[in-house]
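Taking it in order: structure first as structure tokens, then the write-up.
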Amino acid sequence: MSSNLQQTTFWPQTRARLKRLLDSQDNPVAAFRQALQAGTEHLFALYDQGVIVDELVLARSRLVDMLLCEAWQRYMLSGSGAALVAVGGYGRQELHPGSDVDVMILLEASETVNLSPAGGDLITFLFDIGLNPGYSVRTVEDCVQVASTDATVITNLIESRLLAGSSALFDRMRTATAPDRIWPSDAFFEAKTKEQQARWHKFGDTAYNLEPNIKENPGGLRDIQMIGWVAKRHFDAETLHDLVTHNFLTEGEHLALVEGQSLLWRIRFVLHRLTGRSEDRLLFDYQRALATEFGFTGASGNLAVEQFMQRYYRTVMELNRLNEMLLQLFQEAILLHDRLGPPININERFQHRSGFLEVTEDEVFVRDPVALIEVFYILRTHPEIEAIRASTIRLIREHRHLIDDRVRGDERARSLFIEILRFPGATHAMERMNHYGVLAAYIPAFANVVGRMQYDLFHVYTVDEHSLRVMRNLRCFLIPEHGQEFPLCSAIARTIPKVELLCLSGLFHDIAKGRGGDHSHIGARDAWEFCRLHDLSDYDSRLVAWLVEKHLIMSMTAQHKDTGDPDVIQTFAAEVGDPIRLDYLYLLTVADVRGTNPARWNSWKESLLRDLYHGTRRALVRGLDNPQAQDDLIQQKQTEALRLLSKYGASGEDCKTLWLKFSLDYFLHNSPDEIVWQTRMILQASAETLPLVAIRPLTHRGGTEIFIYTWDREHLFARTTALLDRWGLSIMDARIMTTDDEMALNSYYVLEMEESSPILDDAQVKQIQKALVQALSDQEAPDLQVARPVPRQLRHFPTETKVHFSADERNHRTVMRLVTLDRPGLLAQVGAVFDACGIRLQNAKIATVGAQADDIFFITAADGTPITEQDALNHLRQEIHGHLEDRPDH
């Protein structure tokens with residue numbers, strides 16, 4: 001205990017308070033609860049006064065020690081037959097405000113009958129006073145038997161600490177569970193290593209999660225504890241500093257380990273205080289409050305919460321590096337007994353032994369810092385090497401600061417870096433370079449995005465992790481085993497002349513985030529300068545810079561533009577310019593969208609991008625000066641649809657008669673396959689069978705198509721979308737048309753919300769179909785309320801509702817873009833506003849970006865003309881704001 005707390009009157013006062021409470025009250029539970037509460041509040045006051053958390057977790061442990069020892073005296077009076085033992089984190093004297101108090105009541109075998117009831121009463125008492133103990137009651141023999149087959153139990157016993165009772169009994173337990181009896185250090189090390197790997201895998205093998213667990217995530221407190229457990233079992237080390245004595249850590253590394261632990265302890269302490277319970281998850285619910293608590297303030301393009309989380313991520317990355325290095329050193333000492341194979345020379349700077357790459361001498365990086373890049377080149381060119389030896393990792397960490405402008409300008413370094421990008425294992429090399437801090441040293445702009453999170457639900461990784469995942473996705477397109485997963489991407493990737501340009505675009509596409517301004521433009525300049533510095537040709541440099549600048553354009557066009565309109569395709573094709581750029585851009589876009597949030601990649605997005613790619617390629621092959629006429633496109637679709645319909649026995653004359661009632665937009669925005677299916681459904685229907693609801697579970701667009709044909713009526717769109725929302729379906733696209741004879745011809749493409757996949761369950765399809773028919777047959781006013789609760793995470797991302805109008809003169813309609821907080825029943829509310837304002841909806845493109853809905857509606861006035869009067873647009877905007885912002889769940 002540091003002098004700050006030792007010199008206070010806290011402990012005498014706490015003991016005296018407990019004694020007074022016990023003397024003055026008949027109820028010992030109330031007295032102990034009050035003493036615990038008073039002690040906890042005093043520790044919070046000390047925190048507010050600036051006492052460091054390292055002292056407070058020890059003080060909390062001492063407070064609980066005092067209460068437990070007093071309780072022991074009250075319940076276990078028989079003396080030598082039992083002992084009260086602290087285990088786990090409590091045994092380490094690391095108690096946070098909400099931590100479980102793990103104890104073991106150790107009994108002599110001969111006393112189990114006599115003392116077990118008293119032990120049970122003691123545990124009940126601990127629950128009653130609010131300690132929430134984790135407990136066990138065992139004999140020494142029980143400890144040996146259970147611990148022999150359970151690494152978790154022996155880990156708890158390793159950290160055991162006698163609180164009260166028989167010291168002889170406690171010593172016997174320690175002797176019986178020592179490494180020379182059970183769990184020798186090599187077996188223990190292997191078991192804990194497997195346990196850590198399984199734990200990391202549970203969290204996606206990354207510390208960069210949106211809502212990380214500061215205890216269990218890679219780089220978290222459990223990784224530090226893992227180091228301590230192994231050190232204690234093998235070296236009998238009492239503190240982490242003992243590893244310095246054993247030459248496993250330098251003083252600087254020990255300081256980094258302790259400082260990292262202190263930061264995580266402080267976060268955990270505040271989390272427990274903030275929530276009033278044991279909470280180790282950095283949920284969105286608490287991140288803003290923690291950022292304020294830690295003194296961060298927002299700046300332009302750099303929120304306080306993003307700064308706080310960047311500090312957290314950088315800390316756990318450093319702890320993760322130290323954990324990896326130490327475990328490898330432990331492996332050499334414990335499993336290999338420091339006996340590695342003979343060194344095999346690679347060159348004058350590097351050699352390898354037993355599958356590990358190492359330097360030939362400690363001064364290699366000092367004499368030639370370019371070797372800091374060469375390390376990763378050698379890893380890629382020597383597949384027999386599995387990893388970098390821990391001693392060399394330490395040297396890399398200690399000398400990475402030597403990578404300066406002179407090294408970056410060295411022709412050898414530049415050549416090595418580009419060659420690394422050309423290898424099939426380029427992604428793994430970049431990940432290792434980032435892990436050891438070399439990538440940020442070599443590309444200074446990249447240092448800014450290391451550990452940088454974006455406070456939204458759209459980007460689930462930090463910028464550096466996302467960029468490397470994009471690179472990994474790009475390289476996967478070249479691996480034959482992934483050919484069936486992304487056949488178009490794989491086919492295109494095989495034709496790409498220079499894969500390294502693709503990798504560079506992935507590495508640089510988000511490199512300027514957090515620097516203010518348009519990150520695409522700033523990043524393009526960074527990419528151009530990097531490419532020219534690395535002697536890439538003017539053409540290649542411009543291509544990479546263009547890809548970085550335009551990396552969002554394809555996804556934005558696919559999700560927000562009417563890609564059934566030839567003019568949209570023509571405009572996008574003109575922006576792209578040539579098929580080679582299109583190939584690179586398509587691959588980068590798919591890799592980027594998948595790398596942003598893999599859970600949100602779905603067959604619908606794949607279909608949107610694929611169709612835009614094919615449409616653009618056709619336009620480029622046809623020639624930008626020879627755009628496809630709209631009438632020609634419609635004629636082609638009708639001809640193909642008639643050919644297909646004839647195979648089903650449909651009369652061409654009946655089809656043409658029906659189509660005369662349709663607008664030209666219908667043929668423009670539907671494929672021949674969709675025209676055929678919908679036409680068949682309508683021709684088979686009769687007035688008695690309306691409303692017609694037909695469902696195709698899986699279509700070429702990647703979603704489930706729900707087709708509705710019925711009499712046009714008020715609230716049809718709102719009624720339909722509300723019901724689909726209640727069924728847990730996400731509407732990706734809506735096409736709304738009214739025929740010349742006042743029939744509604746509406747189609748919706750949907751995915752299941754939870755799985756983000758088409759509806760493939762036949763029973764569910766029938767239930768939805770029946771529910772829609774019933775709802776659309778109901779003549780009563782529709783119930784547009786959707787009772788589905790707003791997801792917890794959405795509540796922490798306030799989004800200002802914005803409505804923007806633009807004119808689509810070519811198609812004689814108005815485009816309304818709505819940006820607002822995503823919430824249940826959103827489309828039904830918008831539909832209700834359209835009905836109230838006399839607005840006709842033609843088409844809708846629905847997109848959700850994290851917590852934010854970003855939807856496009858193509859609308860007209862009731863008479864089918866564009867909405868041009870400003871008063872009408874302002875009124876519509878006001879109604880949208882009023883309906884959405886007045887909702888209680890907004």
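Listing for the model above:
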item	result
Residue match in region 230-252 (condition: touching a helix residue (DSSP H, G or I) at 6+ places or on another chain (Cβ under 9 Å), closer than 26 Å to MET309 by Cβ and assigned to a helix (DSSP H, G or I))	yes
Odd one out for GLY516, checked against (1) at pLDDT below 95; (2) assigned to a helix (DSSP H, G or I)	(2)
Scan of region 631-680 for residues that are modelled with pLDDT of 90 or more, closer than 20 Å to GLN842 by Cα, of a type outside the set (D, E, K, R) and open to solvent by 50 Å² or more (accessible area, probe 1.4 Å), ordered by number	LEU660
Those helices (runs of 4 or more DSSP H) lying entirely in region 403-508 with at least 2 residues within 30 Å of THR315 (Cβ to Cβ) and acidic (Asp, Glu)	463-476
Region 762-811, residues that are out of contact with any His (no Cβ under 8 Å at 6 or more places or on another chain), of a type in the set (Val, Ile, Thr) and more than 20 Å from PHE707 (Cβ to Cβ)	VAL786, VAL790, THR799
Of all residues in region 517-532 being within 24 Å of ASP410 (Cβ to Cβ) and free of Cβ contacts under 8 Å to residues at least 12 places away in the same chain, the one that is surrounded by the most Cβ atoms within 10 Å (Cβ to Cβ)	ARG532
Test: residue in region 279-292 that is of a type in the set (Gly, Ala, Ser), at pLDDT below 95, surrounded by fewer than 19 Cβ atoms within 10 Å (Cβ to Cβ) and not in a loop (DSSP other than H, G, I, E, B)	yes
Residue in region 801-830 that is nearest to TYR748 (Cα to Cα), counting only those that are among the small types (Gly, Ala, Ser) and crowded, with 18+ Cβ neighbours inside 10 Å	ALA828
Inter-residue pairs, beta-carbon under 9 Å, first under 28 Å from PRO672 (Cα atoms) and outside any loop (DSSP other than H, G, I, E, B) and in region 698-723, second open to solvent by 20 Å² or more (accessible area, probe 1.4 Å) and among the basic types (Lys, Arg), 6+ apart	THR704/ARG696; GLU705/ARG696; ILE706/ARG696; PHE707/ARG696
Scan of region 262-278 for residues that are among the polar types (S, T, N, Q) and either assigned to a loop (DSSP other than H, G, I, E, B) or open to solvent by 60 Å² or more (accessible area, probe 1.4 Å) (or both), ordered by number	SER278
So PRO782, is it at pLDDT 90 or above and either at negative phi or not basic (Lys, Arg) (or both)	no
Selection count where residues are aromatic (Phe, Trp, Tyr) and not in a helix (DSSP H, G or I), scope region 645-668	2
Of residues in region 762-779 being charged (D, E, K, R) and modelled with pLDDT of 90 or more, the one surrounded by the fewest Cβ atoms within 10 Å (Cβ to Cβ)	ASP762
Enumeration of residues in region 479-504 that are over 21 Å from ARG617 (Cα atoms) and buried (at least 17 other Cβ atoms within 10 Å of the Cβ)	GLU500, CYS503, LEU504
Enumeration of residues in region 99-118 that are surrounded by 20 or more Cβ atoms within 10 Å (Cβ to Cβ) and either in a loop (DSSP other than H, G, I, E, B) or not charged (D, E, K, R) (or both)	SER99, VAL101, VAL103, MET104, ILE105, LEU106, LEU107, LEU115
Residue check for TYR90: open to solvent by less than 10 Å² (accessible area, probe 1.4 Å) and under 39 Å from the mean Cα position of the chain (by Cα)	yes
Qualifying residues in region 619-629 (those that are touching a residue at least 24 places away in the same chain (Cβ under 8 Å) and open to solvent by 30 Å² or more (accessible area, probe 1.4 Å)) - the one farthest from the chain's Cα centre (by Cα)	ALA629
Matching residues in region 384-396 - criterion: being charged (D, E, K, R) and over 13 Å from LEU329 (Cβ atoms)	GLU384, GLU386
Hits in region 355-393 - residues which are surrounded by fewer than 21 Cβ atoms within 10 Å (Cβ to Cβ) and more than 36 Å from the chain's Cα centre (by Cα)	VAL359, THR360, GLU361, ASP362, GLU363, VAL366, ARG367, ASP368
Qualifying position, being over 41 Å from the mean Cα position of the chain (by Cα), at pLDDT below 95 and hydroxyl-bearing (Ser, Thr, Tyr), among SER167, SER185	SER167
Residue within region 25-35 that is more than 12 Å from ILE129 (Cβ to Cβ), over 45 Å from the mean Cα position of the chain (by Cα) and surrounded by fewer than 21 Cβ atoms within 10 Å (Cβ to Cβ) present	yes
Per-region count, region 669-693, residues assigned to a strand (DSSP E or B) and either aromatic (Phe, Trp, Tyr) or in contact (Cβ under 8 Å) with a residue 40 or more places away in the chain (or both)	1
Criterion: surrounded by 16 or more Cβ atoms within 10 Å (Cβ to Cβ) and within 30 Å of MET753 (Cα to Cα) - qualifying residue of ARG581, ARG610	ARG610
Residue within region 42-59 that is acidic (Asp, Glu), under 20 Å from LEU126 (Cα atoms) and either loosely packed, with under 14 Cβ neighbours inside 10 Å or within 38 Å of the chain's Cα centre (by Cα) (or both) present	no
So THR814, is it more than 17 Å from MET732 (Cβ to Cβ), in contact (Cβ under 8 Å) with a residue 24 or more places away in the chain and of a type in the set (S, T, N, Q)	yes
Check on GLY219, among the small types (Gly, Ala, Ser), closer than 26 Å to ASP100 by Cα, open to solvent by less than 60 Å² (accessible area, probe 1.4 Å) and under 30 Å from the mean Cα position of the chain (by Cα)	yes
Residue count, region 432-463 (criterion: open to solvent by less than 10 Å² (accessible area, probe 1.4 Å) and either under 16 Å from PRO598 (Cα atoms) or in contact with a strand residue (DSSP E or B) (Cβ under 6 Å, 6 or more places away or on another chain) (or both))	2
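Listed here are the residues, each with its yes/no results for (1) modelled with pLDDT under 95; (2) in contact with a strand residue (DSSP E or B) (Cβ under 7 Å, 6 or more places away or on another chain); (3) over 30 Å from LYS194 (Cβ atoms).
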position	(1), (2), (3)
MET325	yes, no, no
ILE346	no, yes, yes
PHE350	no, yes, yes
PHE356	yes, yes, no
ARG367	no, no, yes
ASP410	no, no, yes
PHE417	no, no, yes
ALA429	yes, no, no
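The values are calculated or read from the model by the stated rules, or taken from the named source; none is laboratory data. Just so it is clear, the structure is predicted and the values come from calculations on it, not from any experiment. Methodologically, a virtual Cβ is constructed for each residue, glycine included, from the backbone with ideal geometry; neighbour enumeration extends over all protein chains shown. These accessible areas exclude ligands, DNA and RNA; they are computed on the full protein's heavy atoms, side chains included. Shrake-Rupley method; radii C 1.70, N 1.55, O 1.52, S 1.80 Å.
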